[in-house]
Amino acid sequence: MKARLLFLFLFLCLTWSGWAESFTPYSRDSLKKGDWFTFECVNYYPYVAPGIKEEIPWRAENIRRVIIRATVTDRTDKSISIDYTLDNLYDCHNDQKKQGFYYFDSRYQQDFAFKDSVSGKQILHATYDRKSGKALISDKVNSLYSYSKAYIPFGVRQEGLSTYTEVSVHDSLDLEKLVIPTADNLLTGWKKDVPNFPVPNTRIIEASFPLPPNTEFTCCDFDIDASGDSTIHKKIFIPYPTEYKVGKRVTLLLTPGDSIVQDKEVYANTHTFHYEGRGNEQNNLQYNFMRFSYYNSEFYSTSPADQKKAFQSRDSLFQTAFEKDFKKMDPYWRRVFELSEEYFKGSEILRRCMFTTDKDVWRKSGLPDWQAPYFTSVSPLIDYAYSLKKQGAANYNYFLYVYTIYKKQELKSDNLYLNKQKGLTQQEDYLLTKQILSGYPKYQVNKVNLKALMGEKMLSELEADYKDFISSCPDTSLTNDLKNTYNKLLPFEAGKNIKETGLIITDSLHLAKGNNRKYILLQLLTWDGLPANNLQNALDLKQRIEAEGLTSTIQLELYSKFSSHNAEKVKPYKVIPSQQVQDLKSKGIYPLTILMREDGTILYRRLWDFDIDTIIDLVKKDLNREDKSFNDFIKGFKEGVIGALLLAAIIGLIYYFRTKNKQKQELNRRRIRELELRAIRSQMNPHFIFNALSSIQNLINRSANQEANKYLIDFSRLLRKVLATSEKKLVTLSDEIEQLQLYLKLEQLRFPFSYSLTVDENIQPDTIEIPGMLIQPFIENAVKHGIAPRGTGEIIIRLSLQNQLLIIDITDDGPGLDTDANGGFGIRAVTNEFEILKTLYNTEIGVTIENRQEKEAVSGCHVRLSIPL
């Protein structure tokens, strides 16, 4: 044990001392126009809240947290100008006489009828001398901000969590007085890596530039699909305690200052996770939950007495664990686990009340006891600050979901037999949630509900609720999550063609052209083994198809993961190709069911198993589509619609002849430009593919056949990506990044260079679309001019957002670019593409190419692309 601890100590010393080598400080002289950072000013109120200890440093109760955003608005040879605006105000403190909090959060003020908007409120504009860092001018504004705090009682209340009838209290804050002491000394004391904050309880929390790492970990990503274990070592900056996902299967609980190392030997011998170093306690607890806190079978008992006994047993085990093994745990994480336990109990109580068969037993027990500790010791409106999102530990989110279902049942009926009540429409469900909850809980539950509905229904059916959520939810983490789901499902919407989805399996479906009367039902199941319920549903559908006389009309293409020798036993299912499993997982749309016409036109999509009645009804309806149209036409003719059509035709002809020449000229111009754009891309694709093949050819010439075979797989993925996006006008940023990484990996076969590709956290690659093949030619140029002459080097790629512009910076450390040179074919082609895109879409993509020697004391080339979003 001593040897292991000594090794750990030496390891941490070596890795922490290496920070200076891996982190490049950002000095005040590095600041440029558009740079920004946010800092937090905290005031702690006296702490008397029940069940909460003063020592919790990251608490959400009895605290006022003001977040200020500082943005560089101008930079000259002599000065730097910075605007200070209010980003967020959070205020929560308990009442000395009543059991509750006074609460205000500017992000959710619309839920509490607070009229004044706080976000973006300017506080002051300051100009600094670049040489000394001293403030020269401060333009102050009227920055006294008044706000009202709602009274929130402790605990979960039976009447709901949306309306708070108590009279609110008024408060005010002098923002100018709060910010000026920090703003005056911001640059004079700028350290080598962060601004100076001389005011107590003030610190930086986020920036557009790299911040010095304050947390470190070393662990393994035990990916089932990977060929071997991969060790991941990272040094990161975090402002608050947070969940941090490492790879596909590991989630760490991190606090600023943690230095965590996973014990690989323990995992190899026992297949359990064990951590050492600062911050190990909360991680060991979450990965050893089953040791003392598994879901006991008693929780599903119909007896309230048995469930109460199970809770007591669970509490005893928990307290023993805290006192024995985890007594040094950070107070914040201890509160996280304690609150999670209360939310777990509350969820189980409500579930038993709703779904137990012996209602009388629960009615005699008083149904849910709203005065029980698991209801009175929690405050959902505030506790989201302590919630965990990891699957299996998200008891807070699960409680909100169960509580909402429970309240909807109460609103629908005097009894609790939900399965005997008429179901709610999705619109009713969405609106009821907005009435039951408020603040963060409301948006979290509605996000989950909308994501679930997107998997079951077409997006067009949910368009109104989706737009309402996106426009009203102030939490970008929730809206971005929902946008991701929406964009992933959009290619599978009814009316679109499966050939446009990029699914690998499309090539084997033998789609037919024309307006036909045949259909394909495609189902792709990705879990291991074929579940019995899916097989039975498929057999029932096959029988129903035969009974309806649709055997020659509907073709079943059903796939699942199972051993090929079982194919005869599980017909009509076939073995799903492993490449298709990976394809679906990469798209985040599994398991998937699609009903389409034989030409690939999608009629129905669902993320789970299909509904037999829905499939049959859709096919019958689509079979009659032309007959129905003809009957409608005859009916319209009889009712005189023909007259209206003639009138419309006359008006249309007059308008047509008046605008014919102008439209024809504009159409011809756009067609020519589109053909030019397609011609450029058709030339770029072979050029791009040729460069990639030359890298593999280099391996073959060296007789490295095994490596060549390995990279041919990467090349096939790259080729598929290029061909799949070649006809698209726009592609997602995530697809473009994947192509770049595959290309760089292939180029590394020829030259042993290194590269890094960084995407700022405020960028959502799946939601941003850009013209395809836009970035690659510039990276190819960096390899050609920066790497090839020396055979080695480094390429750095960074993507950031600045003022509605997507900024791509590409730097290399080569000899630089000859200013008289015109660049390679790729750059000339993409430069021509910029001009065509400007004509077609009235948008201008900016590009600057300069040698680093001109502004930096190093050699190399710097390319910056600016793409309007």
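Here are some notes:
- Only one of Glu276, Glu206 that is more than 27 Å from Thr24 (Cα to Cα), buried (at least 16 other Cβ atoms within 10 Å of the Cβ) and modelled with pLDDT of 80 or more: Glu276
- The set of residues from segment 471-491 being within 15 Å of Gln444 (Cβ to Cβ) and either in a helix (DSSP H, G or I) or among the polar types (S, T, N, Q) (or both) comprises Ser472, Thr476, Ser477, Leu478, Thr479, Asn480, Asp481, Leu482, Thr485.
- Exclusive hit being surrounded by fewer than 16 Cβ atoms within 10 Å (Cβ to Cβ), over 30 Å from Ser734 (Cβ atoms), modelled with pLDDT under 85 and out of contact with any His (no Cβ under 6 Å at 6 or more places or on another chain), set Lys620, Lys628, Lys571, Lys585: Lys628
- Hits in segment 529-554 - residues which are surrounded by 10 or more Cβ atoms within 10 Å (Cβ to Cβ) and either touching a Phe, Trp or Tyr at 6+ places or on another chain (Cβ under 6 Å) or not in a helix (DSSP H, G or I) (or both): Gly529, Leu530, Pro531, Glu548, Leu550, Thr551, Thr553, Ile554
- Residue ID - modelled with the lowest pLDDT, chosen from residues in segment 403-421 that are in a helix (DSSP H, G or I) and either within 24 Å of the chain's Cα centre (by Cα) or among the hydroxyl-bearing types (Ser, Thr, Tyr) (or both): Tyr406
Yes/no per residue for (1) surrounded by fewer than 19 Cβ atoms within 10 Å (Cβ to Cβ); (2) of a type in the set (D, E, K, R); (3) modelled with pLDDT of 80 or more; (4) touching a strand residue (DSSP E or B) at 6+ places or on another chain (Cβ under 7 Å):
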| position | (1), (2), (3), (4) |
| --- | --- |
| Glu298 | yes, yes, no, no |
| Asp306 | yes, yes, no, no |
| Asp315 | yes, yes, yes, no |
| Asp330 | no, yes, yes, no |
| Val336 | no, no, yes, no |
| Leu339 | no, no, yes, no |
| Leu350 | no, no, yes, no |
| Cys353 | no, no, no, no |
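- Check on Gln319, modelled with pLDDT of 75 or more and touching a strand residue (DSSP E or B) at 6+ places or on another chain (Cβ under 9 Å): no
- Taking the listed residues Asn762, Asn832, Asn822, the one that is at pLDDT below 90 and not in a loop (DSSP other than H, G, I, E, B) is Asn832, with no other qualifying.
- Listed by position, the strands (runs of 3 or more DSSP E) enclosed by segment 44-131 that each have at least 1 residues that are crowded, with 18+ Cβ neighbours inside 10 Å and at pLDDT below 90 are 79-94, 100-105, 121-129.
- Cross-chain or 6+ apart pairs with Cβ under 6 Å, segment 259-278 first and free of Cβ contacts under 8 Å to residues at least 12 places away in the same chain, then part of a loop (DSSP other than H, G, I, E, B) and of a type outside the set (D, E, K, R): Val266/His274
- Failed condition for Glu21, given (1) acidic (Asp, Glu); (2) at pLDDT 75 or above; (3) surrounded by fewer than 18 Cβ atoms within 10 Å (Cβ to Cβ): (2)
- Close pairs from segment 569-585: first without any contact (Cβ under 8 Å) to a residue 24 or more places away in the chain, partner exposed (fewer than 14 other Cβ atoms within 10 Å of the Cβ) and not in a loop (DSSP other than H, G, I, E, B), Cβ under 7 Å, at least 6 apart: Val575/Ser564
- Conditions (1) under 18 Å from the mean Cα position of the chain (by Cα); (2) crowded, with 18+ Cβ neighbours inside 10 Å; (3) closer than 24 Å to Arg597 by Cα; number of the one not met by Phe492: (1)
- Output for segment 545-568, where each listed residue is modelled with pLDDT of 90 or more and more than 19 Å from Leu511 (Cα to Cα): Ile545, Glu546, Ala547, Glu548, Gly549, Ser560
- Tally of residues being modelled with pLDDT under 90 and assigned to a helix (DSSP H, G or I) across segment 422-441: 12
- For segment 716-747, a tally of residues being part of a loop (DSSP other than H, G, I, E, B) and in contact with a Ser or Thr (Cβ under 8 Å, 6 or more places away or on another chain) returns 1.
- One residue stands out among those in segment 843-864 that are of a type in the set (Ser, Thr, Tyr) and closer than 22 Å to Pro771 by Cβ: the one that is surrounded by the fewest Cβ atoms within 10 Å (Cβ to Cβ), which is Thr848.
- Restricting Gly228, Gly189, Gly160 to residues that are modelled with pLDDT under 85 and in contact with a helix residue (DSSP H, G or I) (Cβ under 6 Å, 6 or more places away or on another chain) narrows the list to Gly160.
- Number of residues in segment 501-521 that are touching a residue at least 40 places away in the same chain (Cβ under 8 Å), not aliphatic (A, V, I, L, M) and not in a loop (DSSP other than H, G, I, E, B): the value is 2.
- Segment 35-58 residues that are more than 27 Å from Arg69 (Cα to Cα), paired with ones that are surrounded by 14 or more Cβ atoms within 10 Å (Cβ to Cβ) and modelled with pLDDT under 80 (beta carbon under 7 Å, 6 or more apart): Glu54/Tyr47
The values are calculated or read from the model by the stated rules, or taken from the named source; none is laboratory data. In this text the structure is predicted, and so the values were computed from the model without any measurement. Note that we place each Cβ from the backbone using ideal geometry, even for glycine, and neighbour counts take in every protein chain shown.
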